[in-house]
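Asker: I am attaching a structure below and will ask some questions about it afterwards.
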Protein chains: 2
Amino acid sequence: MEDSNQFAAAAVTNDVDGQAQNQERDPESNSLHQPLLKRNRTLSSNPLAVVGAKVSYIESLDYEINENDLFKHDWRSRAQVQVLQYVFLKWTLAFLVGLLTGVIATLINLAVENIAGYKLLKVIDYINNKRYLMGFLFFAGTNFLLTLLAAVLCVFFAPTAAGPGIPEIKAYLNGVDTPNMYGATTLIVKIIGSIGAVAAGLDLGKEGPLVHIGSCIASLLGQGGPDNYRIKWRWLRYFNNDRDRRDLITCGSSSGVCAAFRAPVGGVLFALEEVATWWRSALLWRSFFSTAVVVVVLRAFMEYCNSRYCGLFGKGGLIMFDVSEVSVSYHIVDLIPIAVIGIIGGLLGSLYNHVLHKVLRLYSLINEKGKLHKLLLSLGVSIFTSVCIYGLPFLASCRPCDSSIQETSCPTNGGTGNFKQFNCPNGQYNDLATLLLTTNDDAVRNIFSTGTSSEFHIFTLTIFFVLYCILGLITFGIAVPSGLFLPIILMGAAYGRMLGVAMGSYTKIDQGLYAVLGAASLMAGSMRMTVSLCVIFLELTNNLLLLPMTMLVLLIAKTVGDCFNPSIYEIILELKGLPFLDANPEPWMRNITVGELADVKPPVVTLHGIEKVGYIVEVLRNTTHNGFPVVDEGVMAPVGTQTGATELVGLVLRAHLLLVLKRKWFLQERRRTEEWEVREKFTWVDLAERWGKIDDVTVTKDEMEMYVDLHPLTNTTPYTVLESMSAAKAMVLFRQVGLRHMIIIPKYQASGVSPVVGILTRQDLRAHNILSAFPHLAKSKGKKGH
Amino acid sequence: MEDSNQFAAAAVTNDVDGQAQNQERDPESNSLHQPLLKRNRTLSSNPLAVVGAKVSYIESLDYEINENDLFKHDWRSRAQVQVLQYVFLKWTLAFLVGLLTGVIATLINLAVENIAGYKLLKVIDYINNKRYLMGFLFFAGTNFLLTLLAAVLCVFFAPTAAGPGIPEIKAYLNGVDTPNMYGATTLIVKIIGSIGAVAAGLDLGKEGPLVHIGSCIASLLGQGGPDNYRIKWRWLRYFNNDRDRRDLITCGSSSGVCAAFRAPVGGVLFALEEVATWWRSALLWRSFFSTAVVVVVLRAFMEYCNSRYCGLFGKGGLIMFDVSEVSVSYHIVDLIPIAVIGIIGGLLGSLYNHVLHKVLRLYSLINEKGKLHKLLLSLGVSIFTSVCIYGLPFLASCRPCDSSIQETSCPTNGGTGNFKQFNCPNGQYNDLATLLLTTNDDAVRNIFSTGTSSEFHIFTLTIFFVLYCILGLITFGIAVPSGLFLPIILMGAAYGRMLGVAMGSYTKIDQGLYAVLGAASLMAGSMRMTVSLCVIFLELTNNLLLLPMTMLVLLIAKTVGDCFNPSIYEIILELKGLPFLDANPEPWMRNITVGELADVKPPVVTLHGIEKVGYIVEVLRNTTHNGFPVVDEGVMAPVGTQTGATELVGLVLRAHLLLVLKRKWFLQERRRTEEWEVREKFTWVDLAERWGKIDDVTVTKDEMEMYVDLHPLTNTTPYTVLESMSAAKAMVLFRQVGLRHMIIIPKYQASGVSPVVGILTRQDLRAHNILSAFPHLAKSKGKKGH
């Protein structure tokens, strides 16, 4: 388990590029009759991706229903009561996902608020006593220890817990399983690490981690506990398949977003718009149920904590940054600053994406040097953050409290409060300390605060903005659980408020609203969501009249951002080498057929319906394919044929072949089995398991000469495409139906033609991989389609 | 164009049922080698549906990209500037859809408020002067005339404008085109008819019609004007296809909902959850833009009307039924009434669906008798409504104004107002008149009103509830544009408030909130939406703290309702005979293969790549198919074949064959054409048109002997399934990818095997049709699946 190059995957793919570009390819020469294998033109099927900070093998998921004899028999025999069990359990699990996510989110909030709160109180105490150095040492020391805790956990116990986790969840729902993402260790490290990192005052949020936590909970519940200590409850067997796990993880990620922003509708929409690839209305309805439970749990805790049982846990209802008391009236002139905010947000957002990409590449060079380097990097960022946050407020001048403002508590010395005294004399406050010496949540609340137009000096806001731009770029890539939402909100709010201050009396919109709109614009500029962001902001700010403004800002920012680069999540997916399948095919994919793709792949390996054990073992040892077409030769000819026909029986999975070898379900002679024979040996529950490797299986020499009847284990209804199908349409089919394998069949019908031309997987349909095998297609690359 | 039996479609299908049930079918006997055509076991492909009140032929839509040579050439040659034109136009059209929908919605609101307002003022005037009979005659007379206007327009000019239109839009987005749904006449009749019907005080809303209006606008914009007077603008040619029209209509329906409820996010979600079958994130983003424009237009008009330029048009910001001033605090005990509301809502909703179904069947018997009967039915309902609304308030006793309530205006005599004086002495008000003698919108606002716990007597509410139950059932089916939302909201609000009054002091929740929750529960119980309804209610009521309660109520009501019957829209779709393809296949569809389905269909008609004109004409005359597989025989054998092979070239559409015949693109000899030859004769713009009928084409006897090269017009990349594919999976593919035709190919590979087993269309995959051909499958019908 050594660390290796964080971006090895990208490097490997580049090599393939390099080879392929040496040859110009003549599109006409690519007919069916060429030799099948051309080493220097193979489609790369690279099963590597960066997981945590390691390169790991990743596996595709099977969302297709494997309709083999066993499944069909089970389907027919499934009693009404079992169906009810399944439906009941589905809803119970959705409820539990919501409940546990809600509880854990509250606990994280409680822990963060208390740890950070006591830390800040102590620091303020030192400052009041003018013991500035001691204050700094205490502040930086605490932050250092908290960061150390988070980083050590992440580096040594669960590298997959670092970062937000949202890209990996996105990939999972697209059909790519990243190993060790949803385990119990990851969950625990993520929870504790997130508490540590956020309490350490680093410029990161708990939103992304909460989405990951929700998904972990969902996955663990679905499989009945951690990998080694699963509950063997019979009911849970229904959920031991990729489809139901996917549904659960979708519910989990909705619940996570809901818990992060206390935005139930926004959570569902976030999962729908940003995370999930595949959706149906029943799932919408179930994830909505999960988020409803989360909201109820959160509310209950809030009620409880309002009675001061929760230490320093602040007040607050369901809404985080409430600006509902502002009444908004619209004027035509306000359109201009709104458009400006949107444009700047789009520009800054894409710039942020661009620079963050560079920083992450640089960090990968540091991280690959070893665990110690990763730790040092995290701790270095922590110290830098502490120095800036503690030191910079001394640069700001003290400002007198405005007695006209109703706010009675100016200056404040407590944990929260909008006018921090810091080093100022009584009756004055330090506006930079108000923003910096506080938790990130409170910072957002302060900068969103309305009716306080003279509170922040533009110089203060500029320092804050520049500082958080730097911190936002250097903090994200370190080895602790980190969310992207809050850093972006902080940056955006700062520049929005700056703009508001700069506008001065030319505008009637409150400065707090400018901050909200700025945050929204930067989110849209970087993450490129629209509807879900809009609803999240609606639920965060509790001001419906803000909606048209927010919409406009989001639309402009996303449009501007899209002109420059893809969304930040797509950049991270690309960087990690996760084979994400985009929603829309590239236009040039219409100019290539799947038959041509099959030509540049190694020839497809088929099995016979009744196959020799020795051959199966050989095939499993020498290939890495996970699915094999099953073909019967010389079958009883259908009416009208002159000679014996070949028949495409279907597709058999590697996992099922391994299971047969392991259970030694061998036949002495070459014969078809009866249905009861296979049902005696296997149940469909066995088939759902993913068995180990071929190397774990021992087959004796005698057994090698025996036979296996693959028919009952073969999925007789695989999705197929004609070889003349364009890659674009094949990709649409692949993604819409959620496939793992797609069999290419010939358009010719004649004796001697193989009934299988090839087999397509996710990697074969990725634009990048096709382009590396067919570089001439890139000429038409610039065009955009529907 | 006579009226015929409104439910002829259903009747025809029942006949097929009857025939099929005469024979028990042995599933084993159904092999590939049976005679292909069995008259008494054919899958019914009934292209009839009830449109308006007539039975019409309906056509399926082609959402698949037809990748033939012409398309591919055009795709390759399309310059960057044309792509930009297309993108620019797409957004411009989305903007225009929003703009026009917003403007028309405002105009409808203005007209309704003014017409109904002056009518009510005049009636109140009569009542104040104790001229009760004159008042009634004026009231009933005005209503009669307004209903007459709406009904005459609907009956004589655009029968498709009657009803809400939402089911037809749902079917359109699923792939079924109902004729005359989106024309200019329909649009105008819908607008005027909606104004008339709503102003006439009938128990119907303008919400459904607005959705239809939005879709009409979108469709008309996309095709450049009404059918006969289209703008021939070159840019618009990009939109002359079913895919782009579908996207536009989706935007239109979102805009319509948004305009109806002033709920931009709710509008998008409604289109997503309830209306659209097929969705992608780019479309989400575009329809969001449309709804944003609608909201801005509405706001602008509101601002303008606040200055009293709009006659009796009431005040009101973006939110219709504002209950935002109520602060909600949650207590565990409140869960019980909330659950009760949900359960009753679900029960009542499904009961409403059930009874409405019966009423609509009864109405169809009346409507089929002729146009006069339809008119009389509408006018009868109008008179009954007028009598009840005017007469019933006399039954209610006068109640003294509560001086403790801050409401200064009690009693009122104006158009709006919460405490109508009606026939009461000064200082008293008639609470039933407050609810009845007003527009429906105001009635909802009054019944939702908060902080007025003693306003309505429970006796009043009961009368109101019973009356609106009756009206809601008898009004929906009459021949005027009518929405379902408002009647259901009124019923639901009444029973919710009744429950609130009944609870008395046991609850701390405001009675207005009970009314809101009641309305939500009945909507969920009848329409079975969750997320979109929740967001619509959120945006209607402007109270985020209500959200968890609303969610819970919606979830319970939908669950309860689903136990009894499908949603009201599904019932109407079924009743109209529209072949809607459900999202999930029935479980028993896994037990039948598409090969078996093909066996009970008439044999598939294939064409050769180079075909005789005479044969094409014969095929087009004698079949009703809209697509034909193209097969080449004796082609150069691929490597390894022993004899000449047959090749499946693709699928050619009837429309394109007709075009060839019309343009007389015939060849003297049997030869392949060059690419330039076809490009000289046709452009891809021609191919997008749907040409007339075969009877309109005249081909001379000499021409009959000539040949056509079908290769350049053939879609070479049709979606295909193996004959062993289960119907369930085939249906998933069909719906997810949005197909019109799906070719079934054999699983056998041998000389002499036809490369096409059959062809599947939407009708073949509908559960009902399969069951009528394979009644034995019904045995396992009860089971539910994933």
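Asker: Checking the structure you have, find out if any residue of the range B:91-112 is farther than 23 Å from residue B:292 by Cα and in contact with a helix residue (DSSP H, G or I) (Cβ under 6 Å, 6 or more places away or on another chain). Talk me through it step by step, then tell me what you get.
Answerer: Looking only at the range B:91-112, we keep the residues that are farther than 23 Å from residue B:292 by Cα, and these are B:111-112.
If we keep only those that are in contact with a helix residue (DSSP H, G or I) (Cβ under 6 Å, 6 or more places away or on another chain) too, we end up with B:111-112.
Yes, the range B:91-112 contains a residue that is farther than 23 Å from residue B:292 by Cα and in contact with a helix residue (DSSP H, G or I) (Cβ under 6 Å, 6 or more places away or on another chain).
Asker: In addition: Could you please find all residues in the range A:562-616 being of a type in the set (Lys, Arg) and either touching a Leu at 6+ places or on another chain (Cβ under 8 Å) or free of Cβ contacts under 8 Å to residues at least 40 places away in the same chain (or both)? Walk me through it before giving the result.
Answerer: Taking the range A:562-616 as the starting set, the residues that turn out to be of a type in the set (Lys, Arg) are A:576, A:590, A:601, A:612.
If the condition is that a residue be of a type in the set (Lys, Arg) and either touching a Leu at 6+ places or on another chain (Cβ under 8 Å) or free of Cβ contacts under 8 Å to residues at least 40 places away in the same chain (or both), then A:601 is the only one that fits.
Asker: Turning to a different aspect of this structure: Within the range B:95-140, how many residues turn out to be of a type in the set (Asp, Glu) and surrounded by 15 or more Cβ atoms within 10 Å (Cβ to Cβ)? It would help to see each step written out before you state the result.
Answerer: First, the residues of the range B:95-140 that are of a type in the set (Asp, Glu): B:113, B:125.
Okay, now just the ones that are also surrounded by 15 or more Cβ atoms within 10 Å (Cβ to Cβ), so B:113.
Qualifying residue count, the range B:95-140: 1.
Asker: When the residues of the range A:495-544 are narrowed to those that are of a type in the set (Phe, Trp, Tyr) and closer than 24 Å to residue A:472 by Cα, which ends up farthest from the other protein chains (Cβ to nearest Cβ)? Outline the logic, then answer.
Answerer: Of the range A:495-544, the ones of a type in the set (Phe, Trp, Tyr) are A:495, A:506, A:514, A:537.
Adding the requirement that they be closer than 24 Å to residue A:472 by Cα leaves A:495, A:514, A:537.
On the way: A:495: 23, A:514: 19, A:537: 11 Å.
Here the answer is A:495.
Asker: Scan the range B:266-309 for residues that are at the interface with another protein chain (Cβ under 9 Å from one of its Cβ atoms), under 22 Å from residue B:92 (Cα atoms) and over 20 Å from the mean Cα position of the chain (by Cα) and jot them down.
Answerer: B:281, B:282, B:285, B:289, B:292, B:295, B:296, B:299, B:300
Asker: For residue A:382, state whether it is outside the structural domain of residue A:571 (by TED's automatic domain parsing) and either touching a Ser or Thr at 6+ places or on another chain (Cβ under 6 Å) or at pLDDT below 90 (or both).
Answerer: Numbers: outside the structural domain of residue A:571 (by TED's automatic domain parsing): yes; either touching a Ser or Thr at 6+ places or on another chain (Cβ under 6 Å) or at pLDDT below 90 (or both): yes.
Spelling it out, residue A:382 is indeed outside the structural domain of residue A:571 (by TED's automatic domain parsing) and either touching a Ser or Thr at 6+ places or on another chain (Cβ under 6 Å) or at pLDDT below 90 (or both).
Asker: Quick one: is residue A:286 in contact (Cβ under 8 Å) with a residue 40 or more places away in the chain, of a type in the set (Lys, Arg) and farther than 29 Å from residue A:732 by Cα? Spell out how you get there, then give the answer.
Answerer: Details: in contact (Cβ under 8 Å) with a residue 40 or more places away in the chain: yes; of a type in the set (Lys, Arg): yes; farther than 29 Å from residue A:732 by Cα: no.
Criteria not met by residue A:286.
Asker: Within the range B:479-534, take every residue that is surrounded by 24 or more Cβ atoms within 10 Å (Cβ to Cβ) and among the basic types (Lys, Arg) and give me the one that is nearest to residue B:446 (Cα to Cα).
Answerer: Among those that are surrounded by 24 or more Cβ atoms within 10 Å (Cβ to Cβ) and among the basic types (Lys, Arg), it is B:497.
Asker: Looking at (1) in contact (Cβ under 8 Å) with a residue 24 or more places away in the chain; (2) under 25 Å from the mean Cα position of the chain (by Cα); (3) buried (at least 24 other Cβ atoms within 10 Å of the Cβ), find the lone condition where residue A:539 falls short.
Answerer: (3)
Asker: If a residue must be touching a Phe, Trp or Tyr at 6+ places or on another chain (Cβ under 8 Å) and free of Cβ contacts under 8 Å to residues at least 40 places away in the same chain, how many such residues does the range A:502-518 contain?
Answerer: Result for the range A:502-518: 0.
Asker: Something else now. Can you tell me which of (1) at pLDDT below 90; (2) assigned to a helix (DSSP H, G or I) is the one residue A:390 doesn't meet?
Answerer: (1)
Asker: All but one of (1) more than 30 Å from residue A:394 (Cβ to Cβ); (2) at pLDDT 90 or above hold for residue A:77; which doesn't?
Answerer: (2)
Asker: Let me ask something else. Of these, A:259, A:263, which one is over 15 Å from the mean Cα position of the chain (by Cα), closer than 20 Å to residue A:482 by Cβ, surrounded by 20 or more Cβ atoms within 10 Å (Cβ to Cβ) and in contact (Cβ under 8 Å) with a residue 60 or more places away in the chain? Please lay out each step first, then the result.
Answerer: On the way: A:263 fails: closer than 20 Å to residue A:482 by Cβ.
Of the residues listed, the single one that is over 15 Å from the mean Cα position of the chain (by Cα), closer than 20 Å to residue A:482 by Cβ, surrounded by 20 or more Cβ atoms within 10 Å (Cβ to Cβ) and in contact (Cβ under 8 Å) with a residue 60 or more places away in the chain is A:259.
Asker: Being among the β-branched types (Val, Ile, Thr), at pLDDT below 90 and either within 21 Å of residue A:69 (Cβ to Cβ) or within 32 Å of the chain's Cα centre (by Cα) (or both) narrows it down to one of A:759, A:694, A:744, so name that one.
Answerer: Details: A:759 fails: at pLDDT below 90; A:744 fails: at pLDDT below 90.
Only one candidate qualifies: A:694.
Asker: Just to verify a result, which residue in the range A:567-595, among those that are closer than 18 Å to residue B:282 by Cβ and among the aliphatic types (A, V, I, L, M), is modelled with the lowest pLDDT?
Answerer: The qualifying residue modelled with the lowest pLDDT is A:583.
Residues are listed down the side, and each one gets a yes or a no for (1) more than 12 Å from every other protein chain (Cβ to nearest Cβ); (2) of a type outside the set (Phe, Trp, Tyr); (3) buried (at least 18 other Cβ atoms within 10 Å of the Cβ):
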{"position": "A:583", "(1), (2), (3)": "no, yes, no"}
{"position": "A:598", "(1), (2), (3)": "yes, yes, yes"}
{"position": "A:614", "(1), (2), (3)": "yes, yes, no"}
{"position": "A:623", "(1), (2), (3)": "yes, yes, no"}
{"position": "A:630", "(1), (2), (3)": "no, yes, yes"}
{"position": "A:648", "(1), (2), (3)": "no, yes, yes"}
{"position": "A:651", "(1), (2), (3)": "no, yes, yes"}
{"position": "A:656", "(1), (2), (3)": "yes, yes, yes"}
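Asker: Further question on the same structure: Is at least one residue of the range A:226-233 of a type outside the set (Phe, Trp, Tyr) and under 22 Å from residue A:274 (Cβ atoms)? Spell out how you get there, then give the answer.
Answerer: Taking the range A:226-233 and keeping what is of a type outside the set (Phe, Trp, Tyr), we get A:226-228, A:230-232.
With the extra rule that they be under 22 Å from residue A:274 (Cβ atoms), the set shrinks to none.
No; the residues of the range A:226-233 include none that is of a type outside the set (Phe, Trp, Tyr) and under 22 Å from residue A:274 (Cβ atoms).
The values are calculated or read from the model by the stated rules, or taken from the named source; none is laboratory data. These numbers were taken from a predicted model, which means no experiment stands behind them. A quick note on method: Cβ atoms are made from the backbone with ideal geometry, for glycine too, and the neighbour counts reach across all protein chains shown.
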